[in-house]
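To start, the structure itself, in structure tokens.
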Amino acid sequence: MGTMRVLRALLGSVLWILAGVVGLVGALLCVTLILLPVGIPLLFLARKLFKYSMTLFLPRVVRHPAQEMGRRSRRGAQDAADAVTPSRKTLKHARKRGRKLGRKARKQTLQKLGRKDNSLVGRLKRAF
């Protein structure tokens with residue numbers, strides 16, 4: 001990781017010097033009226049090279065703050081979800097308990113309303 005930073009800084013400094021030279025040549029060409037159409041594009045190129053050399057010096061967090069925030073928030077959300085997620089055993093127990101409570105509540109409502117239990121067990125109870 002450290003060698004990559006050194007290489008990026010070295011490349012950025014070389015590009016910065018190149019941009020300075022291109023800008024100087026563009027400015028000299030702009031002085032003469034005949035070479036003005038060549039000098040202006042060189043100045044724009046020098047400006048682009050300066051910008052690109054500065055991006056090589058800066059870390060990614062500074063260059064793309066919105067993208068980094070998105071990455072960090074996704075990582076944080078995933079970590080939070082992992083911390084909150086209960087174990088399989090707990091989920092299985094809760095599911096089983098929920099089914100039991102649902103059956104019990106259904107049975108009580110049917111009794112209170114006076115309706116028949118049409119399940120196989122209810123039919124067998126009525127038959128015997």
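No value in this document is a laboratory result; all are computed from the given coordinates. All values reported here derive from a predicted model rather than from experimental measurement. All Cβ positions, glycine included, derive from the backbone under ideal geometry; neighbour counts span all protein chains shown.
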Seminar exercise, completed: Unit-weight point scatterers at every alpha-carbon of the stretch 1-64, Debye formula, q = 0.15, 0.25 1/Å: log10 I(q)/I(0) is -0.52, -0.92
Seminar exercise, completed: For LEU58 and ARG106, extending 7 Å from Cα along the Cα-Cβ vector and measuring point to point gives, in nm, a value of 6.2
For this session: Quick one: what are the phi-derived ³J(HN,Hα) couplings along the stretch 43-60, Karplus 6.51/-1.76/1.60 with θ = phi - 60°, whole Hz, x for glycine and proline?
Result: 5, 5, 5, 4, 4, 5, 5, 4, 4, 5, 5, 5, 5, 6, 6, 7, x, 4
